[in-house]
Amino acid sequence: MPLRLFNTLTGQLDTLVPMDGATLRMYACGPTVYDYGHIGNFRTFLQIDVLRRFLELTGMRIHHVMNITDVDDKIIRNAAEAGIPISEYTPRYVEAFFEDMDALRIERPEQIARATGHIPRMVELVQKLAAAGAAYRAEDGSWYFRLSAFPAYGKLSKKDLSGMEDGARVDVDEYEKDSARDFALWKAAKPGETAWDTPIGRGRPGWHIECSAMAMEYLGESFDLHAGGEDLMFPHHENEIAQSESVTHKQFARHWMHVRFLLVDGRKMSKSEGNFYTLRDLLLKGYKASAIRLALISVPYRHQLNFTFDGLMEATNAIERLRTFHQRLVKGAFAAGESPQIQEAAQRAQADYLAALGNDLNTAEARAPIFELIRSANTAIDQGEFLAGDRDAILAVLASFDAVFDVIEDHDAEPTRKALAWAEQAGRMAEVAPELVARQSLSDEAIDALVAERTLAKKQRNFARADQIRNELAEKGIVIEDAKDGVRWKRK
RNA sequence: GCACCGGUGGCGAAGUGGCUAACGCGCAGGUCUGCAAAACCUGUAUACGCGGGUUCGAUCCCCGCCCGGUGCUCCA
């Protein structure tokens, strides 16, 4: 199943094929590590994860490079406020970032590149641009890209800058540029700021140059796919193209993917709006990592997603249904054989599922055949028409669903445990939802003991005691199910 | 202001120029159960923002309008 993916550059669905015929080379803009990641960041990384996982499911080999921006204005400012060098400031946020990625089960890219580890490559690129006449040094020692040297500028974001007045909106501290639209490649050091001594002077890289330098270092002058959030399209990605192609005269990335922003309660998420959430915030409110993952990927990447707590509950309940069904298959006893209707339904579900994802990663459409299959399988089981071969066929479909969505298998305990440990250490226990604390208060062994006591009470027809135990457990988020083949319990 | 995107049942969200417009969640009733839970069945449902146009036929195409959102500046 090939992937037809919307390409910002061409404005249409293009089939994603590795240009070397073997491995898809892709670059995705990663985080700037000045704070904890918020759910908007993670929506982007999650959608890129969906892309990766779908390609892997179809058997494609991938080489995916992600950068970490560990030097920029905000980092310098925050580190200065904290009174520590940036090399001490950023590691904790790098670590937190990967912890959050793991919590959301986002696969690691094949390669992670830090900006501060690639300064010489960036300097080289600036030198090459200068040699090509596309870069110039301003009086203060900063280097700028000369926009007029790249006539194709605007081809990605479809902006026509020809009509823009030069000098209409020049920032006061950018008076040294030849043209207002020229952007910084290298920023001259200001007193006390982090800086590197290099052949092009003492300073630090501009924001855009790191991605050009690292992408070309690891993926070559031309590669298959470049992805990121929609906000990066302009100016960041446009500038990357200008810098890179001015040096190589080759197409930089062939295919560009942009993930739309999410809204929270119908508005853009921002700290001033009071609708700003990090992953940790949500985990401490008691939501499961899997529910957050599902909520953030269920709306296709090219659509705005309106994030709400109702949406998180919906995702929580949908996962519950998936997991309950999965357990029913795994634990159930079925007679040998296959029933043609179920086999056929499983095959059709698998085909529809893959087709939906192949159609520009339509995750919403992809869910439908899975849930349809679950309903018909449940019906067959209830009617005693479900056989062991049917189970195997459906488990295979669920496995390919989980290869991309990754929410059926339950990995939720660890992220919550880590978030609680972090809250304790960071002195933020006040933010933890009381239900979450209650839920953590019983060990599996204690629950097993209570469940056994209840089963005994039931056998003795002491229903008052049995219900009392069930209520006690329910208060701590433990749900009991009396099935034909025994008693099950699960944490809500 | 300029540009782009969206407005589908109670909520979220697919999709299509013509068959009963997916799927999920919620709610109600039923089956099962000591009672529940899970599961299934039924209902919720006269759901395609408004007004024109094209067409044999439009939710889907075109025009206008209203509403919401986003970008044009640091931002996933």
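The values are calculated or read from the model by the stated rules, or taken from the named source; none is laboratory data. Every value quoted in this text rests on a predicted model; they were computed, and no experiment measured them. Heads up, the Cβs are rebuilt from the backbone with ideal geometry, glycines too, and the neighbour counts pull from every protein chain shown. Side chains are part of the model used for accessible areas, which takes the heavy atoms of the whole protein and leaves out ligands, DNA and RNA. Shrake-Rupley method; radii C 1.70, N 1.55, O 1.52, S 1.80 Å.
Quick rundown of the values:
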| item | result |
| --- | --- |
| Most to least packed among A:391-403, A:222-234 [average Cβ atoms within 10 Å] | A:222-234, A:391-403 |
| For region A:235-245, Karplus couplings with θ = phi - 60° (6.51, -1.76, 1.60), whole Hz, Gly/Pro x | x, 4, 5, 4, 5, 4, 4, 4, 5, 6, 6 |
| Accessible solvent surface per residue of region A:267-404, calculated while the other protein chains remain in place, 1.4 angstrom probe, Å² | 43 Å² |
| Net charge, A:Leu3 excluded, C-beta distance under 13 Å - Lys, Arg +1, Asp, Glu -1 | -1 |
| Listed residue pairs exceeding 31 Å between alpha carbons, taken from A:Lys288/A:Lys331; A:Lys128/A:Lys155; A:Lys74/A:Lys285; A:Lys155/A:Lys190 | A:Lys155/A:Lys190 |
| Chain A, accessible surface, carbon-and-sulfur percent (1.4 angstrom probe) | 49 percent |
| Per-residue [θ]222 nm for chain A (sum of -39500 (n - 2.57) over DSSP H runs n ≥ 4, rounded to 500) | -15000 deg cm²/dmol |
| A:Ala138 long-range amide H proximity, modeled H, under 5 Å | A:Trp143, A:Tyr144 |
| For region A:38-61 and region A:298-368, distance of Cα centres in Å | 17 Å |
| Packing-based ranking, highest mean first, of A:276-285, A:381-390 given that Cβ atoms within 10 Å are counted | A:276-285, A:381-390 |
| Where A:Thr116, A:Thr15, A:Thr198 fall by accessible area, highest first, once all protein chains stay in place (1.4 Å) | A:Thr15, A:Thr116, A:Thr198 |
| Beta bridge orientation in region A:4-259: antiparallel %, DSSP, nearest 5 | 45 percent |
| Region A:4-259: C-alpha gyration tensor shape, a/c 1.5 cut-off, then a/b vs b/c | oblate |
| Long-range HN-HN contacts of A:Leu3 with modeled amide H, under 5 Å | A:Leu16 |
| Region A:171-281 shape via C-alpha gyration tensor axes, a/c threshold 1.5 | oblate |
| Long-range amide H partners of A:Ala113 with built H, under 5 Å | A:Met66, A:Asn67, A:Ile68 |
| Sum of side-chain charges, A:Gly358 neighbourhood, beta-carbon under 14 Å (Lys, Arg +1; Asp, Glu -1) | -3 |
| Where trypsin sites (Lys or Arg not before Pro) fall in DSSP loop in region A:173-231, at most 10 other Cβ within 10 Å | none |
| Counting DSSP beta bridges with both ends in chain A, the antiparallel % (nearest 5) | 50 percent |
| Span from the region A:108-124 Cα centroid across to the region A:189-244 one, whole angstrom | 10 Å |
